[in-house]
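The values are calculated or read from the model by the stated rules, or taken from the named source; none is laboratory data. Quick caveat: nothing in here was measured; it's all calculated off a predicted structure. Using ideal geometry, Cβ is built from the backbone for each residue, glycine included, and neighbour counts are taken over all protein chains shown.
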Amino acid sequence: MFLRRLKNWTSQFIYSLQKKQTRDLIGLDIGTDFLRALKINSTTTPFKVENLSIIAIPPGAIINSEIKDYTAIETVLKKMLAQLNTTTHAVAIAIPRSIAIIKNINIDSRLKTDEIESRAWIEANQHFPDLIGNIYLDFMASGPLPGNPAKQELTLVACRKDQINSYLHLLQKAGLNTKIVDVNCYALARALPLTINQATPLETVALLNLNINLSSLMIIHNNKLIHAHDQSYDGQRLLSQTQKYRLKKLIDEHENHQLLDDIEYNAALKEHLLSHLRHIFNFFYTSHPGFTIQKIILSGDCAVIPDLFLFIQREINIETTLANPFAHMTLADNINADEIKKHAPTLMLCCGLALSKTA
């Protein structure tokens, strides 16, 4: 696996399966319930959304990020390609932070590129010797450290081959060429600046990504990712409970019965989410004392729950907004503006992956 560097506003890295860079790239988010694909033209100003596909994945085909039905997923991937109607078959995908091995070390800032690469493998062999023959490895040197120019930070990232090879083989079988394997927190962080009003710069921003079976909290401070934490979460249960309430409310309205009080809806949110939110935010504050989060950007599968962002804002007492990385992009004629706005919070990972080519 070859080095590919990002010169973004925040320190990032990606696994790149080919040394040659590509300018045409599909961001591909393979979830438990949906496959989302997005192609963005970043050579224009503003950026332009050129292709979008959102297709449901058959129940049980993917469980806890493990493919159970290869034939079903291959069929969905081919359907996605047909729906995208593009000649581009190069894709970027992401792995969960939980299966990535990340290590930061300080090295001599005078080292040249080839020396840094040699040092990266030496350090990798030292830190995880039992895995060295079975991992993909990437690294990034961040340049001289503030206050200590003689040293620079080297970020090592590794992933076991057996944890992603099944995806790579399946994508190839479906006619796709995997150019980049990213880590979800870095892909999400890459899309974050698109959701923030640049006229009012903020020091510390949180991106809360709530999915069907995983929550991810990323904290950006002064344009640098300082915290990324994944945790198992039953987002499907939250979606089911709130959908039951919304359905019952619609039935009551149709039958002219008295509407359910919002207290019941809020109670469902509190029961299935509040303790989880407090836990993940307290974990950040405990490990990073002295930091104050100024804003929360909400994304992921659960972000579509009505008024969820208002609930979080009230309970956590931090301004919270829905993620929309496309607010300042133009859309191709084949893209429905209402649809992409509706799905925008669920497309953050897809967007970050699609923008990998801007590196």
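Scanning segment 56-76 for residues that are under 15 Å from Asp33 (Cβ atoms) and surrounded by 12 or more Cβ atoms within 10 Å (Cβ to Cβ) yields a total of 12.
Would you please name the residue that is farthest from Ile54 (Cα to Cα), looking only at residues in segment 326-355 that are out of contact with any strand residue (DSSP E or B) (no Cβ under 9 Å at 6 or more places or on another chain) and outside any helix (DSSP H, G or I)? Show your work before the answer.
Start the filter on segment 326-355 by keeping residues that are out of contact with any strand residue (DSSP E or B) (no Cβ under 9 Å at 6 or more places or on another chain), which leaves 327-328, 333, 338, 341-342.
Add one more test, that the residue is outside any helix (DSSP H, G or I), and what stays is 327-328, 333.
Numbers: Ala327: 19, His328: 21, Asp333: 17 Å.
The selected residue is His328.
If I go through segment 107-141 residue by residue, how many of them are closer than 22 Å to Asp182 by Cβ, assigned to a helix (DSSP H, G or I) and either in contact with a Cys (Cβ under 7 Å, 6 or more places away or on another chain) or of a type outside the set (A, V, I, L, M) (or both)? Count: 6.
Restricting the first member to segment 290-312 and to residues that are farther than 20 Å from Cys185 by Cβ, and the second to residues that are at pLDDT 95 or above and not aliphatic (A, V, I, L, M), the beta-carbon pairs closer than 6 Å and six or more apart or on different chains are Phe309/Thr320. Annotation note: of Ala359, Ala323, Ala268, Ala303, the sole residue that is out of contact with any Gly (no Cβ under 6 Å at 6 or more places or on another chain), closer than 30 Å to Lys39 by Cβ, modelled with pLDDT under 95 and buried (at least 16 other Cβ atoms within 10 Å of the Cβ) is Ala359.
Quick grid of which residues meet (1) modelled with pLDDT of 90 or more; (2) out of contact with any Lys or Arg (no Cβ under 7 Å at 6 or more places or on another chain); (3) among the acidic types (Asp, Glu); (4) buried (at least 17 other Cβ atoms within 10 Å of the Cβ):
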| position | (1), (2), (3), (4) |
| --- | --- |
| Pro146 | no, yes, no, no |
| Leu156 | no, no, no, yes |
| Asn165 | yes, yes, no, no |
| Leu171 | yes, yes, no, yes |
| Thr178 | yes, yes, no, yes |
| Val183 | yes, no, no, yes |
| Leu188 | yes, yes, no, yes |
| Thr195 | yes, yes, no, yes |
| Glu203 | no, yes, yes, no |
